[in-house]
Amino acid sequence: MKQDFIGQMKQSLTALKAEIIEKLMISGEDFKEIIEGMDPKDLADVASDDIDRKMIEALGSQELKRLKLIDSALTRIEQGKYGLCVKCGKRIPQDRLEAIPYALMCIACKTAEERRNR
């Protein structure tokens, strides 16, 4: 894989990481405001607040997962293994990496994994 493409992906991953960290910080503040803003209310309001809190937690959980994948991709760049499928070792197509810069697997292995998890 060409070094200039890997450099572009490293920049993209680093920018994505910064964006996710910023979102998590903002949602953390939103979460804190929701918790602090909870007054004794009727059950419908409490349920609504609970749903808001769970949505923020779920969003945070998804973003944390992406953050781990990004860190993993940055580590693979440093190790010279970026763009190689972790299952079969074949090259991940450049188009796939442009769409999902933290992709761990080639399309065939990812499809097979998704079928097994159904």
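None of the figures in this text is laboratory data; all of them are computed from the coordinates on show. Remember, it's a predicted structure, so these values are computed and weren't measured experimentally. Positions of Cβ are generated from backbone atoms using ideal geometry, with glycine treated the same way; all protein chains shown enter the neighbour counts.
The modelled label-to-label distance for the pair E19/K87, using points 7 Å beyond Cα in the direction of Cβ, is 2.7 nm.
Taking label positions 7 Å along the Cα-Cβ direction at both Q62 and K10, the computed distance is 3.1 nm, reported to one decimal.
Across the stretch 13-26, computed HN-Hα scalar couplings (Karplus, 6.51 cos²θ - 1.76 cosθ + 1.60, θ = phi - 60°) run 5, 5, 5, 4, 4, 4, 5, 5, 4, 5, 4, 5, 5, 5 Hz from first to last residue, x flagging Gly and Pro.
Past the 18 Å Cα-Cα mark, which pairs from K23/K81; K10/K81; K10/K68? Beyond 18 Å between Cα atoms: K23/K81. Here's how it looks for L84: its modeled amide H is under 5 Å from those of I92, which are all 5 or more places away or on a different chain.
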